[in-house]
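A short worksheet on the structure shown next.
The values are calculated or read from the model by the stated rules, or taken from the named source; none is laboratory data. What you see is a predicted model; the values in this text were computed from it and never measured. Quick reminder, even Gly has a Cβ in these numbers, built from the backbone with ideal geometry, and neighbours come from all protein chains shown. Just so you know, the surface numbers come from the protein's heavy atoms only, side chains and all, with ligands and any DNA or RNA stripped out. Shrake-Rupley method; radii C 1.70, N 1.55, O 1.52, S 1.80 Å.
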Amino acid sequence: MMDEIVNTCYIAAQAAPNIRVIAGYSHVIPVVLSLILGIFVVVKAKFNFFSKVFFAFIVVFALWLIGDLIAWTSNSYILVYTTWSFLLYLEILFYILGLYFAIVFVRKSDIHFIFKTVLFLLTIPAFLLTVNQQSVTGFNQSVCEAINNNFLDQYKLIVEAIILAIILLYAINPFFRRLSWREIRPRLVVLGSMFIFLATFGITEYLASATGYYEMNLYSLFLLP
């Protein structure tokens, strides 16, 4: 009943209508472009192993974008709260899939079972907190925002920092091995692009959280495609 009388999600949108427009463009464009790219790669590569890993990364990233768009634009407290609760898990998952793709691309083969197990285990804390409805600890109705679980927030930052460090090491390693530029270039393009993509995403999200200027995330998404 109270939601029908004073819907602060709707009031916030009316106070800054341009934000929803920007949110729409900054999320829908990357979703469409990334899915087109993912489908193109998997078809062009005839559904080989590398393209499947890349497509899985693209799909999870697209799901995160759709969930984040709902959190930015929905007038429903329940819908905002529900989709928000999955975002941290999806973010950790697409970071790990990004690392997985970068490594198998460089190796030209799958990684060892032990390393895959470690990557899988990194997702477990976020998964358990999410399915047990503990990924968010409350809802700030006045600004229509869910409150993240502090442990999961910190855990996400640690996992993302480790993943970025590993990708960076893989990117600069060929230079120490003194490989030819012809051998280095494709690695550098893929690893460098993945590093810039994930670093831009993670840094802007952290700065937005630290400063409270969450619109920063919207503008950074235009750079990701």
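What percent do you get for the relative contact order of region 51-179 when only Cα pairs under 8 Å and 6+ apart count? Walk me through the numbers before you get to the answer.
Numbers: 111 pairs, mean separation 34.4, N = 129.
After rounding, I find 27 percent.
With a 10 Å cut-off between alpha carbons and a GNM built on the chain, which of I36, I124, I114 moves the most?
With Cα springs under 10 Å in the chain, the top fluctuation among I36, I124, I114 is at I114.
Amide H to amide H, which residues 5 or more places from A146 or on other chains are under 5 Å from it, using H placed in the peptide plane?
N140
How many lysine pairs does the chain hold where the Cα atoms are under 19 Å apart and the two sit 8 or more places apart or on different chains?
For the chain, qualifying lysine pairs total 7.
Taking just the C-alpha trace of region 60-146, give me its Rg and Dmax in Å.
Calculated on Cα positions, Rg and Dmax stand at 15.8, 51 Å.
Under a 1.4 angstrom probe, counting protein chains only, how are F47, F197, F86 ranked by accessible area, largest first? Kindly include the intermediate steps, with their values, before the conclusion.
Working: F47 120, F197 25, F86 100 Å².
Ranked from most to least accessible, the order is F47, F86, F197.
When N is the residue count of region 118-225, what does its C-alpha Rg come to as a fraction of 2.2 N^0.38 Å?
For region 118-225, the normalised Cα radius of gyration is 1.35.
Roughly speaking, what is the stretch gain from E215 to D153, that is 0.36 nm per residue apart minus the C-alpha to C-alpha distance, in nm to one decimal?
20.4 nm
In 5 Å bins starting at zero, report the fraction of Cα pairs in the chain per bin as a rounded %.
Percent of Cα pairs in each bin: 1, 6, 13, 17, 18, 16, 11, 7, 5, 3, 1, 0, 0, 0.
Can you tell me how much longer the chain between R185 and K52 gets when fully stretched, taken as 0.36 nm per residue apart minus their C-alpha distance, in nm with one decimal? Please report the intermediate quantities before stating the final value.
On the way: separation 133, 0.36 × 133 = 47.88 nm, distance 2.26 nm.
Residue separation times 0.36 nm, minus the Cα-Cα distance, leaves 45.6 nm.
Working out 0.36 nm times the residue gap between R177 and F222, then minus their Cα-Cα distance, what length gain in nm do you get to one decimal?
Answer, rounded to one decimal: 12.6 nm.
Alpha carbon centre of region 103-121 versus region 175-225: separation in Å?
21
As an exercise, use a Förster radius of 41 Å and the Cβ-Cβ distance of V143 and I166 to find the FRET efficiency, rounded to the nearest 0.05.
0.70
Could you give the longest part of the chain that holds none of the trypsin sites (Lys or Arg not before Pro) found in DSSP loops with at most 10 neighbouring Cβ atoms within 10 Å?
109-176
Working with all protein chains in place, sort F54, F40 by solvent-accessible area computed with a 1.4 Å probe, largest first.
So the residues, ranked largest to smallest area, are F40, F54.
I'm a student and want to see the number: the projected area of the Cα convex hull of region 182-225, averaged over all directions, in nm².
Working: hull surface 12.2 nm².
For region 182-225, averaging the hull's shadow over all directions gives 3.0 nm².
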